[in-house]
Amino acid sequence: MTKKIIRLTESDLTNLVRRVLKEQNQLSGQEVFELQTALNDYFKMKKVGVNGKLFQVPVDSQWGPTTVNALKKFQTLEKINPDGIPGPDTYTALHKLGLDQDIIDKAVAWISKLF
């Protein structure tokens, strides 16, 4: 039996993440915690604020509208399609800002386990 190698494109991965987010009512866990923490670090580093206050997302390990909106803000500022999906471009940008590659690998593995 020959194994077939399947290579996912960025578009495939983005569509996969969209399906996961649509099918899951609420996602939670260490990967969400790490993403929220990285976003807050970014907003602090870049001094991103709203109405004179530093823009922050609650670090509660829960995926929800607040995290999605923070992710969209990050994506917009980094000139990434602001779709609120933590896809490859988003993780690459976070990695460049200091997010550990191990976290990126865990997040991709986490997304894969949902199917």
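Each value in this text was obtained by applying a stated rule to the coordinates, not by laboratory testing. Quick caveat: nothing in here was measured; it's all calculated off a predicted structure. Cβ: placed from backbone, ideal geometry, glycine included. Neighbour counts: every protein chain shown.
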Protection proxy ranking, peptides 44-52, 90-98, 67-75, average beta carbon neighbours within 10 Å, highest first
67-75, 90-98, 44-52
Could you give the nm distance between label points at His95 and Asp83, where each point is 7 Å from its Cα heading toward the beta carbon?
1.8
Could you derive backbone 3J(HN,Hα) for segment 58-69 from the dihedral phi with the Karplus parameters 6.51, -1.76 and 1.60 (θ = phi - 60°), listing whole Hz in sequence and x where the residue is Gly or Pro?
x, 8, 10, 6, 10, 7, x, x, 5, 5, 4, 5
